[in-house]
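Presented below is the structure to which this report refers.
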Amino acid sequence: MAAATDTSAPQISEALKELLAAEEEQQRQAAQRRADGATASGSGQPDTSAVDGPKKDAASTAPSVEISTSDYSAGETIDLGLGELDITSSDVSLEGLDAQLEKFADHEVVRAILDQGSDPRQFRQQYEEKLRAAELEAIQDYIAENDHLVTLHKEITTCDAILADMESMLGGFQEGLGAISAEIRGLQEQSAALSLQLNNRKAAQGRLADFIDHIAIPGTLIHGIVQGEVNEEWLGHLEALHTKLEFVKGSPTVQRSAAHADVAPELERLRAKAVVKAREYLMARIYSLRKPKTNIQILQQNMLLRFRYLVSFLRAHGPEVFSEVRAAYVDTLARVLSSHFRAYQHTLESLREPGPGPSEMVGAPDTPSAGMLSLFGKSTGDGTRADVFAVGDRANILLHLDAAALIPHVAEAERRKFPAEVLFRSVNKLLMDTATSEYLFCADFFGEDAMFHELFAPTLQAVESHLSSTVSEMYDMVGLLLMVRINYQHRLLMNKRRIPALDDYLDRLSLQLWPRLKVVFDMQLASVTSYVVPAAAPARLEVHPVTQRYAQLTASLLLLNADYQDGQLDHSVGRMRYQTMEL
């Protein structure tokens, strides 16, 4: 390929030289024709150079150049080997010239020609001469650079050979990389398979280790359960035993295994031993609650709640023993609490201040009085105490509902007496605190609050029975209304604590207090209705006893009902006002 190029390059140079000579000859011929044309135009002959020019130019733009020299015969075509570089054409068409002129009418050259009115053929000849000069100059440059072009062609050929070698080498590299890629894919597949095997073995190892950990019984566990004392450490052993028992119980696959067959008898013996020791400990603590002067709440917090897990273990693995322990606790607390409250109420009865009797009514008959002193004294003139219907300082109890319950032996030492509402508040305050503590303990220790009603029922029955007998004998309207208000506030307090344990009890108290209050009020109203105004007596300056008692009772009832806003009570006061005004 390089040899062929070396031989063709001189031929191209010679051809270009011949072409240059031919062009010069054509220029001379053209100049001669223009001179002849000028002569012909002077003689009146038509100039045909404008027509012949394009034809010759068209012939000169053909792909091959005809050069008439001594070496070539006339009309012989010289192939310069320009290939795609040949831009000549043998056909020239003037079709569409008008359209082109209109399109390029604004072009400066076209506009100059049209404005000057010059002959376009002259401009065409000028531009043809310029083009031929440029063409000849380009050919001269090509001839001058012929050696460099040959050298460039050789270098291109050498680069082509080098690139061919590189292509072959890169092809080899590509084949090698393909082999390496296939090997890498194989290694990846092997790695994925090994990773899967490793994960499977780890999973199997984890499950096997978990199985062994749950099914195996270490010697420390056996020794701790059998010979250890019930303490915090023993509870840890008990939790471990519970985990193993639950693991065996919850998996049929484990139960069918040979390992389970080996350890099942030992697990059962440990379970039985743990149940026995847990029962003994709990029963001993429960029976200790029966001892006199035992602080039940301290014992529950310090001794029982710390070992609440014993109850959970018995519930799961010794239900019969759990039922026994639960029944023992219910029976013990029912007896202890009911006896404590009976004794407390009995002691408070000795501290009770005597209240009004059935004869102390608003409309009680008149008796001789002590004159002006009866207005401010202790007697109303009929044997009825003047302060029976006055609320006085008794309403302050509503401001100290959260005060501690009365301590009987302290009050006895001070020789103090208290009205019925103070004793009522003290009993119910102690009852609410005890019920709250016991309700929370049952929910926390035994995991159920239903048993509270079982163990507290005897206590509520004892307290309710005593209060029922006390209320049924009361004729103190102020005391009864204060007890109604105290019971209402106690219900709000239990709701605030979110303890529903005494809701039914407090409702039953309301059903006892309100009917009794209505009965006593009806008795007072009947006494006013049946009151007989005595015959005219000597005039004396004093408040009538009925008016005094009515004013005190009405003021007390309205004061205590100001925050309570009971409509029925307001209606009853209005009835008494009407009956009093009728006297």
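General observations
- Restricting the range 140-186 to residues that are at pLDDT 90 or above and among the hydroxyl-bearing types (Ser, Thr, Tyr), the residue that is nearest to GLU18 (Cα to Cα): THR157
- Filter result for the condition that a residue is open to solvent by 60 Å² or more (accessible area, probe 1.4 Å) and at pLDDT 75 or above, over ARG516, ARG549, ARG575, ARG540: ARG575
- Annotation note: of GLN297, GLN301, the sole residue that is open to solvent by 10 Å² or more (accessible area, probe 1.4 Å), of a type outside the set (Ser, Thr, Tyr) and out of contact with any helix residue (DSSP H, G or I) (no Cβ under 8 Å at 6 or more places or on another chain) is GLN301.
- If the condition is being within 30 Å of ALA551 (Cα to Cα) and modelled with pLDDT of 80 or more, then the range 336-359 contributes LEU351, ARG352, GLU353, PRO354, GLY355, PRO356, GLY357, PRO358.
- Filter result (within 19 Å of VAL520 (Cα to Cα) and not aliphatic (A, V, I, L, M)) within the range 444-488: SER468, SER469, THR470, SER472, GLU473, TYR475, ASP476, GLY479, ARG485, ASN487
- Residue check, LEU440 among the hydrophobic types (A, V, I, L, M, F, W, C) and surrounded by 21 or more Cβ atoms within 10 Å (Cβ to Cβ): no
- Residues that are polar (S, T, N, Q), out of contact with any strand residue (DSSP E or B) (no Cβ under 9 Å at 6 or more places or on another chain) and open to solvent by 60 Å² or more (accessible area, probe 1.4 Å) do not occur anywhere in the range 175-184.
- Verdict on THR347 being assigned to a helix (DSSP H, G or I), closer than 27 Å to LEU423 by Cβ, in contact (Cβ under 8 Å) with a residue 12 or more places away in the chain and among the β-branched types (Val, Ile, Thr): yes
- Selection of the range 235-267 for residues being small (Gly, Ala, Ser), within 14 Å of ALA216 (Cβ to Cβ) and under 38 Å from the mean Cα position of the chain (by Cα) yields only ALA240.
- Taken over the range 421-446, the residue count meeting the criterion of being among the hydroxyl-bearing types (Ser, Thr, Tyr) and closer than 30 Å to GLY355 by Cβ is 2.
- Taking the numbered list (1) under 12 Å from MET283 (Cβ atoms); (2) open to solvent by 70 Å² or more (accessible area, probe 1.4 Å) in turn, VAL325 passes all entries but (2).
- Single condition TYR287 does not satisfy, out of (1) modelled with pLDDT under 90; (2) open to solvent by 50 Å² or more (accessible area, probe 1.4 Å); (3) assigned to a helix (DSSP H, G or I): (1)
The values are calculated or read from the model by the stated rules, or taken from the named source; none is laboratory data. Computed from a predicted structure; not experimentally measured. In this analysis, Cβ positions are derived from the backbone assuming ideal geometry, glycine residues included, and neighbour counts consider all displayed protein chains. Surface accessibility is based on the protein's heavy atoms, side chains included, excluding ligands, DNA and RNA. Shrake-Rupley method; radii C 1.70, N 1.55, O 1.52, S 1.80 Å.
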